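S.K.: A single structure is presented below for examination.
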Amino acid sequence: GAVVSQHPSRVICKSGTSVKIECRSLDFQATTMFWYRQFPKKSLMLMATSNEGSKATYEQGVEKDKFLINHASLTLSTLTVTSAHPEDSSFYICSAKAGGPNTEAFFGQGTRLTVV
Amino acid sequence: GNSVTQMEGPVTLSEEAFLTINCTYTATGYPSLFWYVQYPGEGLQLLLKATKADDKGSNKGFEATYRKETTSFHLEKGSVQVSDSAVYFCALSDLGGSTLGRLYFGRGTQLTVWP
């Protein structure tokens, strides 16, 4: 299947700093990218959906000013956690799709964020 | 709305045992159903899928049948291996929604297989 690369795989940062996570589709053009957050022993929760060149659509309860999403090209989307706090510590996963609703979504390997 | 309910784990089995992980769903339209697998330290990989009622998805010895009458998509494997140890997620895709096929996930079931 297609490859989605997420970087970094692990990051530790201090409270109050910002962290950027990259999601790249390596061998296809991703018209739509999704960002999920995975809590321990819980499901993946969709944070936002982004389409290339347009603003991301955030799920209810997700602070768009805190979780900045940029989908600047068909192969790259970034999630920036601004002014991170310990409660933002989590596993963040991106997925990317090449076409419409019937196309398969491919997932990155995830980023473990720890805010100390 | 759309949601997925998955049996809680962890599930611990001996090698060659039979595996069932239950999954039921609620959906407003006609969703596609998926099982994803997450190996330690890795992202999610699609294991199998079914796009309409009575379809059976299969891959690597795993099977699941889309049962509309019981709104279920249970995952089964006749003989598990140690290498099957992973977290398994049931998911549905809201094809008729406005978010271009976003996925709704169950909580995940941790499977550990002992030799």
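Every read-out reported here was derived from the displayed coordinates using simple, explicitly stated rules and does not represent laboratory data. Quick caveat, the model's predicted, so the values are computed rather than measured. Glycine gets a Cβ as well: all are built from the backbone with ideal geometry, and neighbour counts include every protein chain shown.
S.K.: Can you give me the Cα centroid spacing of the stretch B:1-23 and the stretch A:17-62 in angstrom?
M.R.: 27
S.K.: Among B:29, B:41, B:57, which one shows the highest mean-square fluctuation when chain B is modelled as a Gaussian network with alpha-carbon springs under 10 Å?
M.R.: Ranking B:29, B:41, B:57 by mean-square fluctuation puts B:41 first.
S.K.: On to the next question. For peptide A:43-53, compute the average count of partner chain beta-carbon atoms within 10 Å of each residue's beta-carbon. Write out the running numbers ahead of the final one.
M.R.: On the way: counts 11, 11, 2, 5, 0, 1, 5, 0, 1, 0, 0.
Mean shielding count: 3.
S.K.: Further, regarding this structure: Counting other C-beta atoms within 10 Å, and keeping those with at most 14, which DSSP coil GluC sites (Glu not before Pro) do you find in the stretch B:44-115? Display every interim value, and only then the final one.
M.R.: Numbers: sites: B:63, B:69, B:76; in loops: B:69.
Hits after loop and neighbour filter: B:69.
S.K.: Please report the relative contact order for the stretch A:39-116, taking Cα pairs under 8 Å with a sequence separation of at least 6, and give it as a percent rounded to a whole number.
M.R.: Details: 104 pairs, mean separation 16.6, N = 78.
This gives 21 percent for the stretch A:39-116.
S.K.: With springs only between Cα atoms under 10 Å, which of B:52, B:60, B:77 fluctuates most in a Gaussian network model of chain B?
M.R.: Looking only at B:52, B:60, B:77, the largest GNM fluctuation is found for B:60.
S.K.: Tabulate in residue order the Karplus-calculated ³J(HN,Hα) for the stretch A:16-31, using 6.51 cos²θ - 1.76 cosθ + 1.60 with θ = phi - 60°, rounded to whole Hz; enter x for Gly and Pro.
M.R.: x, 8, 10, 10, 10, 10, 9, 10, 10, 8, 8, 9, 7, 9, 8, 6
S.K.: Could you pull out every residue, at least 5 positions away or on a different chain, whose amide H is within less than 5 Å of the one on residue B:108? Hs are placed 1.01 Å off N in the peptide plane, and Pro or chain starts have none.
M.R.: B:90
S.K.: Something else about it: Using amide H atoms built in the peptide plane, which far-off residues or other-chain residues are under 5 Å from residue B:55 H to H?
M.R.: B:66
S.K.: If you only keep lysine pairs separated by 8 or more in sequence, or across chains, how many in the stretch B:36-86 come under 14 Å at the Cα atoms?
M.R.: Values: B:49/B:60; B:52/B:68; B:56/B:68; B:56/B:77; B:60/B:77.
Lysine pairs meeting both conditions in the stretch B:36-86 amount to 5.
S.K.: Pick out, from A:28, A:71, A:47, the residue whose Cα sits farthest towards the positive end of the charge dipole of the stretch A:1-74, with +1 on the Cβ of Lys and Arg and -1 on the Cβ of Asp and Glu.
M.R.: Positive-end residue among those listed: A:47.
S.K.: So, one more: May I ask you to evaluate 6.51 cos²θ - 1.76 cosθ + 1.60, the Karplus curve with θ = phi - 60°, for each residue of the stretch B:52-66 and list the ³J(HN,Hα) values in order in whole Hz, giving x for glycine and proline?
M.R.: Result, ordered by residue: 8, 4, 6, 5, 10, x, 8, 5, 6, x, 8, 9, 8, 10, 6 Hz.
S.K.: Still on this structure, I have one more. Show me, for the stretch A:49-65, the HN-Hα J-couplings you get by feeding each phi into the Karplus relation (A = 6.51, B = -1.76, C = 1.60, θ = phi - 60°), rounded to Hz, glycine and proline as x.
M.R.: 3J(HN,Hα) across the stretch A:49-65, in whole Hz: 10, 10, 10, 3, x, 10, 5, 6, 9, 9, 6, 4, x, 9, 7, 6, 7.
S.K.: Moving on. Can you tell me which of A:38, A:60, A:29 moves the most in a GNM of chain A? Springs connect C-alpha atoms under 10 Å apart.
M.R.: Ranking A:38, A:60, A:29 by mean-square fluctuation puts A:60 first.
S.K.: For residue A:9, which sequence-distant residues (separation of 5 or more, or a different chain) have an amide H within less than 5 Å of its own amide H, given hydrogens modelled in the peptide plane?
M.R.: Under 5 Å from the amide H of residue A:9 lies no amide H from a residue far enough along the sequence or on another chain.
S.K.: More than 24 angstrom separation, counting every C-alpha pair in the protein assembly as shown; what % is that? Before the final figure, lay out the partial values.
M.R.: Working: 11782 of 26565 pairs.
So the pairs more than 24 Å apart make up 44 percent of the total in the protein assembly as shown.
S.K.: Which length gain, in nm to one decimal place, applies between residue A:116 and residue A:3 when the Cα-Cα distance is subtracted from 0.36 nm times their residue separation? Walk me through the numbers on the way to the answer.
M.R.: On the way: separation 113, 0.36 × 113 = 40.68 nm, distance 3.14 nm.
Answer, rounded to one decimal: 37.5 nm.
S.K.: Averaged over its residues, how many other protein chain Cβ atoms are within 10 Å of peptide A:28-39's Cβ atoms?
M.R.: Details: counts 0, 0, 0, 1, 4, 0, 5, 0, 4, 0, 6, 1.
Rounded to a whole number, the mean comes out at 2.
S.K.: Taking just the alpha-carbon atoms of chain A, what radius of gyration and Dmax come out, in angstrom?
M.R.: 13.3, 41
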